[in-house]
Structure formats: C-alpha cells, structure tokens
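J.: Below you'll find the structure I mean.
Each value in this text was obtained by applying a stated rule to the coordinates, not by laboratory testing. Not measured: the values here are computed from a predicted model. Using ideal geometry, Cβ is built from the backbone for each residue, glycine included, and neighbour counts are taken over all protein chains shown.
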Amino acid sequence: MGLSKFTTNNSFVNLNQVTMPALHIEQSVAFYRAMGFEQIVDAPGYARFACPEGDATFSVHRVDRRSEGAVIVYFECSALDERVSELQVRGFTFTKLPADERWLWREARLTDPAGNVLCLYWAGVNRKYPPWRLVASD
C-alpha cells in the first residue's frame with residue numbers, strides 16, 4: 001500500500017490528537033498541568049492539553065473502568081535527562097530512568113494517574129530517519 005492511499009484532496013492526513021482514558025479526570029488534569037502542559041479545554045469529563053513545543057495536542061476523557069491495553073504515548077524532549085531530573089524533584093516517579101535503547105532512542109517512562117504509560121524520549125534524526133527506514137518506492 002503506497003502513501004497515496006492515505007491522501008484526500010491532494011493533502012496528507014495529519015494526526016490531530018491522542019485521547020487517553022482517565023478514571024479520575026481531576027487527578028489526570030492536575031498531573032499533566034504539573035508536568036508543564038497547557039490545558040486548553042475544560043469540559044465535563046474531558047480535558048485537552050497543548051504541548052509546550054510544536055502544535056501537538058492530547059486529551060484525557062473520563063471512563064468508568066480502566067480497559068486493558070498497551071497504549072504508550074511518546075513525548076519528545078531534547079533535554080531528556082534534565083527534564084526527568086526536574087520532574088523527579090517535583091515528585092514524579094519514573095518506572096524507567098533515561099536509558100539508551102537499541103532502536104537508537106534515549107527513553108524514560110512513567111505512568112499517569114489512570115495507568116497510561118508515558119515515554120519521554122529523545123531520538124534526534126533517528127526519530128524519522130533511523131538506519132532501517134523504508135525508502136518510498138513511487
């Protein structure tokens with residue numbers, strides 16, 4: 001399947017946001033605000049945040065029970081080690097401290113109050129152009 005399958009009106013589809021479940025929306029809102037994200041929507045059972053860099057957004061929505069899944073949300077951070085240290089000083093607990101991975105990214109992980117896994121990482125050029133990247137064949 002070529003990239004042309006994902007185009008509409010001659011423009012590519014762009015990721016708008018990711019929405020994560022939250023059992024206790026107030027705890028999730030406090031968590032993400034404390035991490036430094038800007039809350040841009042506050043509605044009953046729903047909150048949306050803007051990332052400090054770029055134009056990406058994400059949201060949390062209230063659910064009655066936690067579903068079992070393996071969703072991991074990645075937030076890119078060029079000063080990863082410094083950011084993790086700052087967050088630790090502010091009381092955030094990481095399940096994995098910054099480490100170099102075999103896929104050429106440096107990653108740290110923590111969970112939000114709803115149990116969603118967050119990966120703070122830095123990949124540099126390897127984010128989109130790792131040595132094993134597929135080459136378009138058009």
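J.: Under 14 Å from a point 7 Å along the Cα-to-Cβ line of T19: which residues of the range 41-64 have their amide N that close?
T.: Within reach of a label on T19: 41-49, 58-64.
J.: Please identify which residues in the range 18-34 have an amide N closer than 18 Å to a label point set 7 Å out from the Cα of Y74, following the Cα→Cβ vector.
T.: Under cut-off, by backbone N: 18-20.
J.: Set the Förster radius R0 to 25 Å, insert the Cβ-Cβ distance between L97 and E26 as r into 1/(1 + (r/R0)^6), and round the FRET efficiency to 0.05. Don't jump to the answer; show the numbers that get you there.
T.: On the way: r = 28 Å, r/R0 = 1.13.
That gives a FRET efficiency of 0.30.
J.: Once Lys and Arg get +1 and Asp and Glu get -1 on their Cβ, which of L134, A56, V41 lies farthest toward the positive end of the dipole of the chain?
T.: Result: L134.
J.: Given the rule -39500 (n - 2.57) for each run of at least 4 DSSP H residues, summed and divided by the residues of the chain, what is its mean residue ellipticity at 222 nm, to the nearest 500 deg cm²/dmol? Intermediate values should be presented prior to the final figure.
T.: Working: 2 runs with 21 residues, N = 138.
Mean residue ellipticity, 222 nm, calculated: -4500 deg cm²/dmol.
J.: Mind giving me the nanometre distance, one decimal, between the label points for R127 and V63, set 7 Å out from Cα along Cα→Cβ?
T.: The modelled label-to-label distance comes out at 2.7 nm.
J.: Any idea what the alpha-carbon Rg over 2.2 N^0.38 Å comes to for the range 31-102?
T.: Working: Rg = 14.1 Å, N = 72, 2.2 N^0.38 = 11.2 Å.
My calculation over the Cα atoms of the range 31-102 gives 1.26.
J.: Ordered by packing density, taken as the mean number of other Cβ atoms within 10 Å over each peptide's residues, highest first, how do 126-135, 91-100 rank?
T.: Details: 126-135: 8.8, 91-100: 11.9.
By packing density, highest mean first, the sequence is 91-100, 126-135.
J.: Report Rg(Cα)/(2.2 N^0.38 Å) for the chain, keeping two decimals. Intermediate results must be reported in sequence, preceding the final value.
T.: Numbers: Rg = 16.9 Å, N = 138, 2.2 N^0.38 = 14.3 Å.
Compared with the compact-globule rule of thumb, the chain sits at 1.18.
J.: Okay, moving on. Give me the dipole magnitude in Debye, nearest 20, for the chain about the Cα centre, with unit charges on the beta carbon: positive for Lys and Arg, negative for Asp and Glu. Numbers along the way, then the final one.
T.: On the way: 15 positive and 16 negative charges, 64 e Å.
So the magnitude is around 300 debye.
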